[in-house]
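Peer 1: Sharing a structure, written as structure tokens. Questions coming.
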Amino acid sequence: MSASGSNRSSSSDRRHPTAPAVVETRYGTSMKFTIPSDHAAGQEVQNRIMAEVKKFKYNSDSQFAIKLALEEGIVNAIKHGNKHDPNKTVYIEALVGPGQAEVIIEDEGPGFTRTEVPDPTEPENLEKCSGRGILLIEAYMTSVEWSNNGRRMHMVKRND
Amino acid sequence: MSEQRPPVAVTQEKDIRVVEFTNNKILDEANIADIGARLQTLIEESEHPRLLLDFTTVDHLSSAALGMLINVNNRIKQRNGQLRLTNIKSQIFEVFRITKLDRLFRIYPTRAEALVSFEQ
């Protein structure tokens, strides 16, 4: 997948999602979106990507996994990354093919260090109301990598 | 994005409030906040609330929904009440298992088993 940033919207049209760039490639369907820090816009992107996942007939467990990871990843970017700032956008890139689905989600927030996020499954954290999104993404996806100081998440789910 | 219909349907079995979710997804924040507020009302109605949450309809649920359920559990415990969960589909149960919340909540395979589990 190409480096992010090239598809970012200018500040003038940040309040509206940019028209997604959808391209059929030999590896599958490539999609790029830049959306405002808004949950409805995030939901639209999720639906577009899931439509491709369904088109390639991923099994029920893989579809469940990808939907959950998209939900958690996009919500994290909007809420914890951009902190709902209307002047910040979330960049999402997906390549969905018959063999695997690959998704990049990048926010414009301060970033974070994965190893510093408390483990929500520890007994002392079990009754806390937050902190489970990342755990679920990592449990359900085949691989997850963080870069750009935690602002950029690259996750892959194999269709097997 | 609030729903036209209420996000939960509540029935009563003796003094136990049985709550079913009307949407197959418990994902978006507005929906979760709405469910949380309705459960809070049920909790406040009783000195020792007894709630049974029936997940029959639920196909998707997010970490934000888990947070809301933990909050509900904490509030019920504060009032010396009881909370049970039932009819959780295997894919959703896996979410509870991964987060180890299957250890925090009392989860039963059927509604009948959950109902008899309430302590007098």
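Peer 1: For residues that are buried (at least 18 other Cβ atoms within 10 Å of the Cβ), without any contact (Cβ under 8 Å) to a residue 24 or more places away in the chain and not in a helix (DSSP H, G or I), tally how many sit in the stretch A:33-78.
Peer 2: Here the count works out to 0.
Peer 1: Name the one entry in A:E145, A:E108 that is more than 24 Å from B:N71 (Cβ to Cβ), of a type in the set (D, E) and within 13 Å of the chain's Cα centre (by Cα).
Peer 2: A:E145
Peer 1: Among the residues of the stretch B:33-69, what is the count of those that are within 12 Å of another protein chain (Cβ to nearest Cβ) and either crowded, with 21+ Cβ neighbours inside 10 Å or more than 25 Å from A:N125 (Cβ to Cβ) (or both)?
Peer 2: Residues that pass the stated criteria total 9.
Peer 1: Can you name every residue in the stretch B:73-91 that is facing chain A (nearest Cβ under 10 Å), in contact (Cβ under 8 Å) with a residue 24 or more places away in the chain and either of a type in the set (S, T, Y) or surrounded by 19 or more Cβ atoms within 10 Å (Cβ to Cβ) (or both)?
Peer 2: B:N73
Peer 1: Yes or no: the stretch B:99-120 includes at least one residue that is surrounded by fewer than 20 Cβ atoms within 10 Å (Cβ to Cβ), touching a helix residue (DSSP H, G or I) at 6+ places or on another chain (Cβ under 6 Å), farther than 26 Å from A:K79 by Cα and within 14 Å of chain A (Cβ to nearest Cβ).
Peer 2: Yes, the conditions are met somewhere in the stretch B:99-120.
Peer 1: Going through the stretch A:113-134 one residue at a time, which ones are more than 11 Å from B:K100 (Cα to Cα), of a type outside the set (D, E, K, R) and either free of Cβ contacts under 8 Å to residues at least 24 places away in the same chain or surrounded by 17 or more Cβ atoms within 10 Å (Cβ to Cβ) (or both)?
Peer 2: Within the stretch A:113-134, A:T115, A:V117, A:P118, A:C129, A:S130, A:G131, A:G133, A:I134 qualify.
Peer 1: Shifting gears a bit: Can you tell me which residues in the stretch B:79-119 are aromatic (F, W, Y) and over 23 Å from A:K128 (Cα atoms)?
Peer 2: B:F118
Peer 1: What number of residues within the stretch A:124-160 satisfy the criterion of being more than 16 Å from A:G73 (Cβ to Cβ) and facing chain B (nearest Cβ under 9 Å)?
Peer 2: The number of residues fulfilling the criteria is 4.
Peer 1: For the stretch A:96-105, indicate whether the set of residues that are free of Cβ contacts under 8 Å to residues at least 40 places away in the same chain, hydrophobic (A, V, I, L, M, F, W, C) and surrounded by 15 or more Cβ atoms within 10 Å (Cβ to Cβ) is non-empty.
Peer 2: No, the conditions are met nowhere in the stretch A:96-105.
Peer 1: Let me ask something else about it. Within the stretch A:144-158, which residues are touching a helix residue (DSSP H, G or I) at 6+ places or on another chain (Cβ under 7 Å) and closer than 16 Å to A:G133 by Cα?
Peer 2: Of everything in the stretch A:144-158, those that are touching a helix residue (DSSP H, G or I) at 6+ places or on another chain (Cβ under 7 Å) and closer than 16 Å to A:G133 by Cα turn out to be A:V144, A:W146, A:G150, A:R151, A:M153, A:M155.
Peer 1: Name every residue in the stretch A:69-99 that is of a type in the set (S, T, N, Q) and within 18 Å of A:N149 (Cβ to Cβ), in order of residue number.
Peer 2: A:N76, A:N82, A:T89
Peer 1: If you take the residues in the stretch A:79-94 that are more than 10 Å from the chain's Cα centre (by Cα) and either closer than 16 Å to B:K25 by Cα or surrounded by 21 or more Cβ atoms within 10 Å (Cβ to Cβ) (or both), which one is farthest from the other protein chains (Cβ to nearest Cβ)?
Peer 2: For the stretch A:79-94, the residue satisfying everything is A:T89.
Peer 1: Here's another thing I want to ask about it. Determine, yes or no, whether B:T57 is at pLDDT 95 or above, among the hydroxyl-bearing types (S, T, Y), farther than 17 Å from B:L104 by Cβ and assigned to a loop (DSSP other than H, G, I, E, B).
Peer 2: Yes.
Peer 1: Consider the stretch B:62-119. How many of its residues are part of a loop (DSSP other than H, G, I, E, B) and acidic (D, E)?
Peer 2: Residues meeting the conditions: 2.
Peer 1: Could you list all residues from the stretch A:133-158 that are part of a loop (DSSP other than H, G, I, E, B) and either touching a Gly at 6+ places or on another chain (Cβ under 7 Å) or at pLDDT below 95 (or both)?
Peer 2: A:R151, the sole residue that qualifies.
The values are calculated or read from the model by the stated rules, or taken from the named source; none is laboratory data. The model shown is predicted, which means the values in this text are computed figures rather than measured ones. Here Cβ is always computed from backbone atoms with ideal geometry, including for glycine, and neighbour counts include all displayed protein chains.
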